[in-house]
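Structure, as structure tokens:
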Amino acid sequence: MTLVRMTSRLLGRGVAGLAALLVGVALFESLQAPVVESFGGARGISTLIESLPPAFQALARAQPGFSTFSGLAGSLSAGFTHPLYLVLTLAAVVGFAARSLAGEMERGTILLSLARPVSRPAAYAARVAGVVLTGILLSLAGAAGLVGGLLVARPEGEFEYRNLVPLAVSTWLVFWAVGGLALAASAAASTSGRVVGWAIGFVVISYFVDYFAAVWTLLRPFEFLSIFAYYDPARALTTGDVPVASLLVLGLVGLAGVMTGLVVFDRRDLPT
Amino acid sequence: MSTPTGQQAVIITSGLTKRYGRIDALTALDLAVPNGVIYGFLGPNGAGKTTAIRLLMGFIRPSAGRAAIFGHDTWRDGVAARRELGFLVNAESLYPDLSGRDQLDYAASISGRPPVLRRRLLDALELSDDALGRRLGSYSKGMRQKLALTAALQHDPALLILDEPTDGLDPLIQHAFEEILRERRDAGRTVFMSSHDLAEVERICERVAVARGGRLILEAAITDLTRRHRRTAEVRFAGPVPASLAEQPRVTLVRQEGSHATLAVDGDVTPLVRYLAGTDMTDLLLPPPRLEDIFLELYDTHGVNGATAEAAGTAISTRRRP
């Protein structure tokens, strides 16, 4: 019960911001279907992508002919790898991890819990629960937005709604991985600003390793170091298939971050 | 474990030490705080008071030694140690987005005990229902302090740990709060508090520990301190000052002008008063010793390890570790 109360309190503090982000993510994804329709469906998107230089194709995370091959679902998946989507969603996850632990240590509000018969692992578990819930809400908001756009725009092409489930699982695992690492940073740091800096650095480097590996063969052997190498919404949305290895890697990265954070937080001195 | 006075100890520290790199924030603190008292922990800035309190709360890890509350190690078994405890958080550390009432409800919900004293505290501290309905952002410093105090005491904990509890309170509310602390003490609760307000400590505390530079330099009952402290007496006689006055035990004649004498008296004044009763004394001025004088004397740069501390009639702590 204490865990539920602490998690509610932590989520409650940023509820307005989170709600705005969820609406933003849903709106962004709802635009995908009308945008695809305005380009003449999947074939039009494919023509557009083929006209782009390879570097821009990599930025769009799509190869020539992909949209033709994968149809409407493949075209719509671009909304889940778009930098704006990644910025919105990962900012919410990292922001929560930073604010709820390092931020609370910085302000001293964490003492409201830890001065009472609450163990540090219990207090930490509330933060983990917050990251998990934030990720679930973001994944659902994206999927819901996409469905809303499809229902309104009704673009040509086939779309398997059941493939939204592996897509949501896949996106949630990215949030879990980044959130877990952000919690580890938050447990070690004493200011939320530092955590956000570290996490943004990690995500940006990870993104560009994945991006440059697509356009520069020399970097291809290092692609596995990027978390985005294990994130393929196009495959999830077109085939409903997510490689187990990718799920495992993202899941374990998140778990490693969470466990590291637990050990660090349980042993550290709280800042004055 | 019991205290030197034979009472059951609520807080026990032995060799409690905290180092930050090369800096010794607290060195080998040995304390035994008895049950059912208001205990003052004094010292200037940098004395180690806050470090000691943070160690007691399990917020930081000891570099050496240990601290226990109700027999539970505060670092290894912190949850059990904090089960019967109320702690005053910094008023600036309260959640700014919550109303006062929500803040108190949240504190009560994770304390696991009902807020049985809330109404009594709110009335005594003059925190209105209207104010409780507002967010903390609109609170003054004093109101935040009242709210933090209510949050710390509302569940009637067996032990209260308070760091500068009356900071920001006006004198009337300060006295009301002191009355609450006495009530809790009379109900068998224990209060461990640090304060810079020596007059306040003198009014409400039974025992004090004094730290300096991270070390405990004194631990005593307030009554012992004041009784044994060197006091100044002004005496006026009908005739000349008797020659035998300066020969009285533990009395030093500081100044003599005609029939008026200024004396320094170490410890108990009863023998002097008895002696003066047999003379032609016409007036005696013997102001009570103040904790502030004792404290300042103790902190005199040259006195801490030498004559001044002895003059204060107190022994510098040389208690051994158990």
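The values are calculated or read from the model by the stated rules, or taken from the named source; none is laboratory data. No experiment lies behind these values; they were computed from the predicted model shown. With ideal geometry, Cβ positions are generated from the backbone for all residues, glycine too; neighbour counts draw on all protein chains shown. Surface accessibility is based on the protein's heavy atoms, side chains included, excluding ligands, DNA and RNA. Shrake-Rupley method; radii C 1.70, N 1.55, O 1.52, S 1.80 Å.
Restricting to region A:113-141, count the residues that are within 12 Å of another protein chain (Cβ to nearest Cβ), open to solvent by less than 10 Å² (accessible area, probe 1.4 Å) and either over 21 Å from B:G112 (Cα atoms) or not small (G, A, S) (or both).
Here is the first cut: in region A:113-141, the residues within 12 Å of another protein chain (Cβ to nearest Cβ) are A:113-123, A:126.
Restricting the remaining residues to those that are open to solvent by less than 10 Å² (accessible area, probe 1.4 Å) gives A:113-115, A:118, A:123, A:126.
Right, trim to either over 21 Å from B:G112 (Cα atoms) or not small (G, A, S) (or both) and you get A:114, A:118.
So the answer is 2.
Of these, B:T166, B:T150, B:T190, B:T223, which one is surrounded by 15 or more Cβ atoms within 10 Å (Cβ to Cβ) and more than 29 Å from A:T2 (Cβ to Cβ)?
Among B:T166, B:T150, B:T190, B:T223, only B:T166 is surrounded by 15 or more Cβ atoms within 10 Å (Cβ to Cβ) and more than 29 Å from A:T2 (Cβ to Cβ).
Given B:Y139, B:Y106, which one is within 10 Å of another protein chain (Cβ to nearest Cβ) and crowded, with 19+ Cβ neighbours inside 10 Å?
Every option except B:Y106 fails the conditions.
Can you name the residue in region B:157-173 that is outside any loop (DSSP other than H, G, I, E, B) and touching a Phe, Trp or Tyr at 6+ places or on another chain (Cβ under 9 Å) and, of all such residues, is modelled with the lowest pLDDT?
Checking each candidate, the answer is B:D163.
Return the residues of region B:170-184 that are open to solvent by 20 Å² or more (accessible area, probe 1.4 Å) and hydrophobic (A, V, I, L, M, F, W, C); say none if nothing qualifies.
B:L172, B:A176
Tell me whether region A:97-107 contains one or more residues that are more than 21 Å from A:R13 (Cα to Cα), within 17 Å of the chain's Cα centre (by Cα) and assigned to a helix (DSSP H, G or I).
Filtering region A:97-107 down to residues more than 21 Å from A:R13 (Cα to Cα) leaves none.
No: zero hits.
Take the conditions assigned to a helix (DSSP H, G or I) and closer than 19 Å to A:A122 by Cα and apply them to B:A108. Does it pass?
Taking the combined requirement at face value, the residue satisfies it.
Could you tell me which residue of region A:222-272 is nearest to the chain's Cα centre (by Cα), considering only residues that are under 27 Å from A:A33 (Cβ atoms) and polar (S, T, N, Q)?
Ranking the candidates gives A:S246 first.
Return a yes/no flag: does region B:234-242 have any residue that is at negative phi, touching a residue at least 24 places away in the same chain (Cβ under 8 Å), open to solvent by less than 60 Å² (accessible area, probe 1.4 Å) and not in a strand (DSSP E or B).
So far as region B:234-242 goes, yes, one or more of its residues are at negative phi, touching a residue at least 24 places away in the same chain (Cβ under 8 Å), open to solvent by less than 60 Å² (accessible area, probe 1.4 Å) and not in a strand (DSSP E or B).
For region A:67-112, what are the residues that are of a type in the set (G, A, S), farther than 20 Å from A:G180 by Cβ and more than 14 Å from chain B (Cβ to nearest Cβ)?
If the condition is that a residue be of a type in the set (G, A, S), farther than 20 Å from A:G180 by Cβ and more than 14 Å from chain B (Cβ to nearest Cβ), then A:S67, A:S70, A:G71, A:A73, A:G74, A:S75, A:S77, A:A78, A:G79 are the ones that fit.
I'd like to check something: does region B:128-151 contain any residue that is in contact with a His (Cβ under 8 Å, 6 or more places away or on another chain) and in contact (Cβ under 8 Å) with a residue 24 or more places away in the chain? Walk me through how you get there before you give the answer.
Narrowing region B:128-151 to residues in contact with a His (Cβ under 8 Å, 6 or more places away or on another chain): none.
No, because not a single residue in region B:128-151 is in contact with a His (Cβ under 8 Å, 6 or more places away or on another chain) and in contact (Cβ under 8 Å) with a residue 24 or more places away in the chain.
Give me a count of the residues in region B:193-218 that are surrounded by 20 or more Cβ atoms within 10 Å (Cβ to Cβ), more than 8 Å from the chain's Cα centre (by Cα) and part of a loop (DSSP other than H, G, I, E, B).
Summing the residues that are surrounded by 20 or more Cβ atoms within 10 Å (Cβ to Cβ), more than 8 Å from the chain's Cα centre (by Cα) and part of a loop (DSSP other than H, G, I, E, B) in region B:193-218 gives 1.
Scan region A:100-121 for residues that are closer than 14 Å to B:L88 by Cα and of a type in the set (D, E, K, R) and jot them down.
A:R116
Of all residues in region B:58-98, which are within 30 Å of B:L132 (Cβ to Cβ), under 23 Å from the mean Cα position of the chain (by Cα), facing chain A (nearest Cβ under 8 Å) and of a type in the set (A, V, I, L, M, F, W, C)?
Those that are within 30 Å of B:L132 (Cβ to Cβ), under 23 Å from the mean Cα position of the chain (by Cα), facing chain A (nearest Cβ under 8 Å) and of a type in the set (A, V, I, L, M, F, W, C): B:F59, B:L85, B:F87, B:V89.
Residue check: is B:V37 among the β-branched types (V, I, T) and either within 14 Å of chain A (Cβ to nearest Cβ) or more than 21 Å from A:A115 (Cβ to Cβ) (or both)?
Yes.
Hey, does region B:190-205 have a residue that's modelled with pLDDT of 90 or more and either farther than 25 Å from B:R120 by Cβ or charged (D, E, K, R) (or both)?
The answer is no; no qualifying residue exists.
For region B:109-127, which positions are more than 9 Å from every other protein chain (Cβ to nearest Cβ), of a type outside the set (K, R) and either open to solvent by 10 Å² or more (accessible area, probe 1.4 Å) or without any contact (Cβ under 8 Å) to a residue 12 or more places away in the chain (or both)?
Of everything in region B:109-127, those that are more than 9 Å from every other protein chain (Cβ to nearest Cβ), of a type outside the set (K, R) and either open to solvent by 10 Å² or more (accessible area, probe 1.4 Å) or without any contact (Cβ under 8 Å) to a residue 12 or more places away in the chain (or both) turn out to be B:P114, B:P115, B:V116, B:L117, B:D123, B:A124, B:E126.
Hey, among the residues in region B:153-163 that are open to solvent by less than 10 Å² (accessible area, probe 1.4 Å) and within 21 Å of the chain's Cα centre (by Cα), which one's farthest from B:M57 (Cα to Cα)?
Residue satisfying both the conditions and the ranking: B:L153.
Go through region B:1-101 and tell me which strands (runs of 3 or more DSSP E), entirely inside it, have 1 or more residues that are within 16 Å of B:L218 (Cα to Cα) and open to solvent by less than 10 Å² (accessible area, probe 1.4 Å).
It comes to B:9-20, B:23-34, B:38-42.
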